[in-house]
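Here the structure is laid out as structure tokens; the discussion comes afterwards.
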Amino acid sequence: MKLSKLIKGIETVKTLNFLDHDIQNIFEDSREVTFGSLFFAVKGNNLDGFEYIGEALKNGAKVIVTDRE
């Protein structure tokens with residue numbers, strides 16, 4: 001599914017030319033990320049997903065969604 005369709009109706013602060021990317025899967029655990037995935041990098045109760053962006057990209061994430069720059 002195109003990212004533009006996934007985020008339709010959601011308020012965004014910034015998007016960086018990724019709206020036409022096809023998203024294959026959505027993950028919040030960087031260890032599970034596969035090529036073409038969207039990775040949610042947000043702070044949880046025990047871990048901060050922002051710290052795992054590098055691993056998610058290495059595993060094939062195409063798009064990172066985060067609550068900070």
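Can you pull out the residues in the range 35-56 that are closer than 20 Å to residue 4 by Cα and either of a type in the set (A, V, I, L, M, F, W, C) or part of a loop (DSSP other than H, G, I, E, B) (or both)? Those that are closer than 20 Å to residue 4 by Cα and either of a type in the set (A, V, I, L, M, F, W, C) or part of a loop (DSSP other than H, G, I, E, B) (or both): 35, 36, 38, 39, 40, 41.
I'd like the full set of residues that are among the hydrophobic types (A, V, I, L, M, F, W, C) and either farther than 22 Å from residue 1 by Cβ or in contact (Cβ under 8 Å) with a residue 40 or more places away in the chain (or both), limited to the range 22-34. Please lay out each step first, then the result.
Step one: list which residues in the range 22-34 are among the hydrophobic types (A, V, I, L, M, F, W, C), which gives 23, 26-27, 33.
Matches in the range 22-34: 23 only.
Here, each number is a calculation from the coordinates, and none is a lab measurement. All values reported here derive from a predicted model rather than from experimental measurement. With ideal geometry, Cβ positions are generated from the backbone for all residues, glycine too; neighbour counts draw on all protein chains shown.
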